[in-house]
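Heads up, the thing below is written out as structure tokens.
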Amino acid sequence: MIKGVNRRIVEITGMDNDYFEKAVLYLRPDKSSSMPARIDLEARNAACEIISQENFPRKQKRYIIADITLRLLGIGLMLFSLSLIMYLFMM
């Protein structure tokens, strides 16, 4: 842990990630008196959450596209059914 002028900084190195080699987190002033092992554990957990959320928007975008496609197909099927019913009743 590195002490700054006004804030304490936690630097995480040796991350098992292909894209990032280290992360820098600023410690809240009210939590700076906690045990260093606890601070290190919480910092690593926070970094893992950030990295895992990096892949989430791509998966979410796929689900949105699939949802829109299914809804449009459903609307098309309902319109086709309605037009078929109207055609049979008008004959």
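Quick note: the coordinates plus some simple rules give every number you see, no bench work behind them. Bear in mind that the values here come from a model prediction, so they are computed numbers and not experimental data. No Cβ is skipped: glycine too gets one built from the backbone with ideal geometry, and neighbour counts run over all protein chains shown.
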Here, Ala37 and Ile68, labelled 7 Å along Cα→Cβ, have an inter-label distance in nm of 5.1 nm
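Report the local net charge at Glu42: Lys and Arg +1, Asp and Glu -1, summed over other residues whose C-beta lies under 15 Å from its C-beta.
On the way: positive: Arg8, Arg28, Lys31, Arg38, Arg44; negative: Glu11, Asp30, Asp40, Glu49.
So the environment of Glu42 carries a net charge of +1.
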Long-range amide H contacts for Leu27: which residues qualify at under 5 Å (H placed 1.01 Å from N, peptide plane, sequence gap of 5 or more or a different chain)? Arg8, Ile9, Val10
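What does the charge count around Ile12 come to, taking other residues whose C-beta lies under 13 Å from its C-beta (Lys +1, Arg +1, Asp -1, Glu -1)?
Values: positive: Lys22, Arg44; negative: Glu11, Asp16, Glu21, Asp40, Glu42, Glu49.
Computed value for this residue: -4.
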